[in-house]
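Read the structure below first, then the notes.
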Amino acid sequence: DSGVTQTPKHLITATGQRVTLRCSPRSGDLSVYWYQQSLDQGLQFLIQYYNGEERAKGNILERFSAQQFPDLHSELNLSSLELGDSALYFCASSSRAGLNTGELFFGEGSRLTVL
Amino acid sequence: QQQVKQSPQSLIVQKGGISIINCAYENTAFDYFPWYQQFPGKGPALLIAIRPDVSEKKEGRFTISFNKSAKQFSLHIMDSQPGDSATYFCAASMASNAGKSTFGDGTTLTVKP
């Protein structure tokens, strides 16, 4: 158990809809990362928040947005969903020290299926 | 443009054998190279990592070999066990934001008893 909690574990929705994925980082971790894993693909970095502030952005679509709340949990919002958005979405967190070592602790992911 | 290329895509090894997975990177600014292990239905978990100031790092049966001039690094799993069957990802990142990693596409390892 990595200590990172993601909900929901599975989500099935229709094209054009909007969903919100939630992540609670490990206790004490200030940094949260979102990654997308499509079928048979590696993980693609989407976005990072550190202590409530956006720290880095990767290949995140304009239809997607994220935020980190004062209690450090984070939400990834996906809107106007398309079939190609079907994927596993992982949240990861790191400690202050981890920000430099790169050690990430991943949750078990939220599997999104868009029909 | 993929910055971290991983091979092979899949690997079958007999129990007790050596599993070798290779990765190559392009960005010379990368200076942290972790390997992650992922079991079905689980998130990736950090297995072992190396910085470019050393050429090899060993932790138990797992060894990373690093060749800075060739921009390549590899994971060796000695005495492979069926419990090692998983998907392995190499990754690379920069010290300026080490958590923002670029991942390879993964290698599915099957260790046959």
query = So which residues in the stretch A:7-29 are surrounded by 19 or more Cβ atoms within 10 Å (Cβ to Cβ) and either in contact with a Leu (Cβ under 7 Å, 6 or more places away or on another chain) or β-branched (V, I, T) (or both), if there are any at all?
reply = A:L21, A:P25
note = The residue that is nearest to the other protein chains (Cβ to nearest Cβ), considering only those in the stretch B:1-40 that are more than 24 Å from A:S95 (Cα to Cα) and small (G, A, S), is B:S10
key: the stretch B:73-92: number of residues that are over 13 Å from the mean Cα position of the chain (by Cα) and either buried (at least 22 other Cβ atoms within 10 Å of the Cβ) or facing another protein chain (nearest Cβ under 9 Å) (or both)   = 1
So B:P52, is it modelled with pLDDT under 90, farther than 16 Å from B:Q6 by Cα and assigned to a loop (DSSP other than H, G, I, E, B) = yes
task = Kindly list, by first and then second residue, each pair from a residue in the stretch A:59-72 that is closer than 15 Å to A:T20 by Cα to a residue that is assigned to a loop (DSSP other than H, G, I, E, B), limited to pairs with Cβ atoms under 7 Å and residues at least 6 apart or on different chains.
result = A:R63/A:S79; A:R63/A:S80; A:Q68/A:G52
query = In this structure, is A:E53 more than 12 Å from every other protein chain (Cβ to nearest Cβ) and modelled with pLDDT under 95?
reply = yes
inquiry  = Give me the residue from the stretch B:1-46 that is among the β-branched types (V, I, T) and in a strand (DSSP E or B) and, out of that set, surrounded by the most Cβ atoms within 10 Å (Cβ to Cβ).
reply    = B:V4
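The values are calculated or read from the model by the stated rules, or taken from the named source; none is laboratory data. Everything numeric in this text was worked out from a predicted model, so none of it was measured. Methodologically, a virtual Cβ is constructed for each residue, glycine included, from the backbone with ideal geometry; neighbour enumeration extends over all protein chains shown.
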